[in-house]
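Let me begin by presenting the structure, written as structure tokens, before commenting on it.
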Amino acid sequence: MPELQFSNPIFAAYAASAATMVLLGVVTAWATVIQMMRHKGGFRAPEDLRRTPLNPQPRPDQTAPLEAVDRYRRIMQNHLENLPFFLVIGLLFVLTGPSVALARWLFAGYVVSRLLHFLSYASAQVHDIRATFWTIGSLILVAMSVRVLAAGVAAL
Amino acid sequence: MPELQFSNPIFAAYAASAATMVLLGVVTAWATVIQMMRHKGGFRAPEDLRRTPLNPQPRPDQTAPLEAVDRYRRIMQNHLENLPFFLVIGLLFVLTGPSVALARWLFAGYVVSRLLHFLSYASAQVHDIRATFWTIGSLILVAMSVRVLAAGVAAL
Amino acid sequence: MPELQFSNPIFAAYAASAATMVLLGVVTAWATVIQMMRHKGGFRAPEDLRRTPLNPQPRPDQTAPLEAVDRYRRIMQNHLENLPFFLVIGLLFVLTGPSVALARWLFAGYVVSRLLHFLSYASAQVHDIRATFWTIGSLILVAMSVRVLAAGVAAL
């Protein structure tokens, strides 16, 4: 019986992948913060124009859109449309009892495709490159979801 | 003791529901892609105006807002504000040991309400229809969360 | 061996924290709804300008941006960039077998920091206050992720 514990190599592979994806989300959030601090702009809330230690010289245009910040916001949005689904369906996929090899390929494929998607988007590569990496991750989500759905329906 | 394994009918019902919701998220993402390709617009990043095999004849207005694309973006945003919460609280709800009947009603109610919300939004029904389906899903989230919270606090 | 059941005090602390965070997400969604109903505006979809029982006297400006509504949308967006990651990495952190004291501090710290972030943002405190609470939550995410990643990699 598959187990949710680190002595199960499939769970260990999932846990390492999941933690990497959470860290990718956190890194993206901090990249957004760094861009806002570097450019002293791209802020969002009206109260962000008030003088504070982190913003000693407010300017009215600090809440205007700023591409350097918006790029990381778009990356984050793409993460949000992907990572939470992976984090949960990956855990359920572990419980379907796949082979270690299959699980490792799918988890590694997802992690690598999302890291490459992040790097492609952050460095403003042409659309088709990041779309290719996005598609790989999306198909892996579908594969894992279909297997979990089949296992769930069969056991109803 | 409730178990996270497919031989537990409550977990099986959860897993089937969770996989269906992940697939709904993926379908919404692909619907957005299809609308962008059909209308050759609604793109987001400046670099998407560069000539590539998927965009052989770029036009400057391809990054302008496009309602047909934005509709699926709004649907996705609504998913993001709901599905990840269901995916996790549903799993924890399984561990509170509900009756099979209660669990099946809540999981099925959530899945059906979200599928109907998706169809209502995609076909541009009036606000009150999709709001009704949204409310059903939201109340199910509250019911499951309250039970998990009570079980957690009682065991602290 | 750490177990995902309520008799495990670490899991109980996680479950209570997770349910509280899901309820925070739901409360934020309803706060957005309440603001839209109070101001009869801040709507998003073109079809929301059609006459319905919930909107008996439509006006063309009801889909214009409205700060009172947008504030809760920004809060929700911030939740989405945080809560789903906590919900999953917290569960995996339980399985790394931390001490009860450490787990309780991290879970309570996350929950309190996010509740204070919500209150700071909703009441339009200056940026630095909500940024402080955001940072605490972010660092707790990193701490838990690093421990899960280490446990996963060690067991590969």
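So which chymotrypsin sites (Phe, Trp or Tyr not before Pro) in region B:1-53 are both in a DSSP loop and have at most 15 other Cβ atoms within 10 Å of their Cβ? Please list the in-between numbers first.
On the way: sites: B:6, B:11, B:14, B:30, B:43; in loops: B:6, B:43.
Counting only loop positions with at most 15 other Cβ atoms within 10 Å, none of the chymotrypsin sites (Phe, Trp or Tyr not before Pro) in region B:1-53 qualifies.
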### Query
Once both labels are modelled 7 Å past Cα along the beta-carbon direction, what's the residue B:143-residue C:40 spacing in nm?
3.4
### Task
Provide the per-residue ³J(HN,Hα) series for region A:11-26, in order, calculated from phi with Karplus coefficients 6.51, -1.76, 1.60 and θ = phi - 60°, each as a whole number of Hz, with x at glycine and proline positions.
5, 4, 5, 4, 4, 4, 5, 5, 5, 4, 5, 5, 5, 4, x, 5
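Take every Cα pair under 8 Å in region A:1-136 that's 6+ residues apart, average their separations, divide by the length, and report that relative contact order as a whole percent.
Numbers: 111 pairs, mean separation 41.2, N = 136.
Result for region A:1-136 is 30 percent.
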### Query
Roughly how tilted is helix C:67-80, in degrees to the nearest 10 and between 0 and 90, from the longest Cα axis of chain C?
20
### Summary
Under the Karplus relation with 6.51, -1.76 and 1.60 and θ = phi - 60°, whole-Hz ³J(HN,Hα) for region C:48-62, x at Gly and Pro, equal 6, 8, 8, 5, 9, x, 7, 9, x, 10, x, 10, x, 8, 6
### Task
Per residue of region B:127-143, in order, report the coupling 6.51 cos²θ - 1.76 cosθ + 1.60 (Karplus, θ = phi - 60°) as ³J(HN,Hα) in whole Hz, putting x for Gly and Pro.
3, 4, 5, 5, 5, 5, 5, 4, 5, 4, x, 5, 5, 5, 4, 4, 4
### Task
Calculate the spin-label point distance for residue B:74 paired with residue B:3, positioning each point 7 Å from the Cα along the beta-carbon direction, and give it in nanometres.
4.7
### Message
Once the label point is set 7 Å along the Cα-to-beta-carbon vector, what list of distances in nm do you get between residue A:105 and its counterparts in the other copies?
### Response
4.5, 4.5
### Query
Taking square-rooted eigenvalues a ≥ b ≥ c of the alpha carbon gyration tensor, is the protein assembly as shown rounded, prolate or oblate, where a/c under 1.5 means rounded and, failing that, a/b exceeding b/c means prolate?
rounded
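Here, each number is a calculation from the coordinates, and none is a lab measurement. Bear in mind the structure is a predicted one, so any value in this text is a computation, not a measurement. Every residue, glycine as well, gets a Cβ built from its backbone with ideal geometry; the counts of neighbours run over all protein chains shown.
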